[in-house]
Amino acid sequence: MSIYSDAYAKHMNLKIAAMELGIPWQTLYVYLKREGVQVVGDKLRYGSDRDRLAAMAETEFMELVPQATNMNAISYQSKHDFEVNGLKVDVKCSLPRQLNKNFAAKSWSFSFKKQALVCDFICCFCKDEEKQTIKVILVPSEFFTGLQTVSISCSGNSKWFDYEISKEDLSSFFQSVAEVKQ
């Protein structure tokens, strides 16, 4: 480890680590790449509100599916969040929102457009206002191909609830996929 990689590991932020070292962030980036350090960032500490919400769901997914490989820890802005037993999984998260000002009903909304051609599954964490997970929806690729955005009614009346899975069953589901592949 060098002073450059130590500073980056401490902050997981190029700009802050570079300021601590008294060098431009671009110079730090070059030094880190030369050392083979992956520059990935820390959305929980430095991301926007949406980034932090997504990072919370990704952390929860890792806790629920410990056999998953976190692709964001390997590559910055990976095309998908996790690989589990050869499957590509992206994790999405949403809080209830009123999507139409004429209706009081709230929905969870998820953007699928970037992952539609890449992932085998999209795992949606539907959270309440206190950011507690209410439902987990695990959607296979065949059902989201061509979709850009999916809205799921918080009232419980949605076809997407056909893909609901309990948090406790996520890990065993992905384990069963591995057993079927053998």
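The values are calculated or read from the model by the stated rules, or taken from the named source; none is laboratory data. Everything numeric in this text was worked out from a predicted model, so none of it was measured. Positions of Cβ are backbone-derived with ideal geometry, glycine not excepted, and every protein chain shown enters the neighbour counts. For the accessible areas, the whole protein counts, side chains as well, though only heavy atoms, and no ligand, DNA or RNA atoms are used. Shrake-Rupley method; radii C 1.70, N 1.55, O 1.52, S 1.80 Å.
Restricting attention to segment 76-86 and to residues that are part of a strand (DSSP E or B) and either without any contact (Cβ under 8 Å) to a residue 12 or more places away in the chain or open to solvent by less than 30 Å² (accessible area, probe 1.4 Å) (or both), the residue that is nearest to CYS124 (Cα to Cα) turns out to be PHE82. The single condition from (1) open to solvent by less than 80 Å² (accessible area, probe 1.4 Å); (2) of a type in the set (A, V, I, L, M, F, W, C); (3) closer than 20 Å to PHE61 by Cα that ILE134 fails is (1).
Taking every residue in segment 94-115 that is without any contact (Cβ under 8 Å) to a residue 40 or more places away in the chain and among the charged types (D, E, K, R) and pairing it with any residue that is assigned to a strand (DSSP E or B) and open to solvent by less than 80 Å² (accessible area, probe 1.4 Å), at least 6 positions away or on another chain, the pairs with Cβ-Cβ distances below 7 Å are ARG97/SER107; ARG97/SER109.
Could you tell me which of the residues ALA17, ALA73 is crowded, with 18+ Cβ neighbours inside 10 Å and either at pLDDT 85 or above or not acidic (Asp, Glu) (or both)? Give the derivation first.
Values: ALA73 fails: crowded, with 18+ Cβ neighbours inside 10 Å.
The unique qualifying residue is ALA17.
Out of all the residues in segment 126-135, which are touching a residue at least 40 places away in the same chain (Cβ under 8 Å) and under 22 Å from LYS113 (Cβ atoms)? If you could, list the steps in order and put the result at the bottom.
Step one: of segment 126-135, the residues touching a residue at least 40 places away in the same chain (Cβ under 8 Å) are 127, 131, 133.
The answer is LYS127, and nothing else.
Report whether or not VAL84 is modelled with pLDDT of 80 or more and within 20 Å of LEU147 (Cα to Cα). Taking the combined requirement at face value, the residue does not satisfy it.
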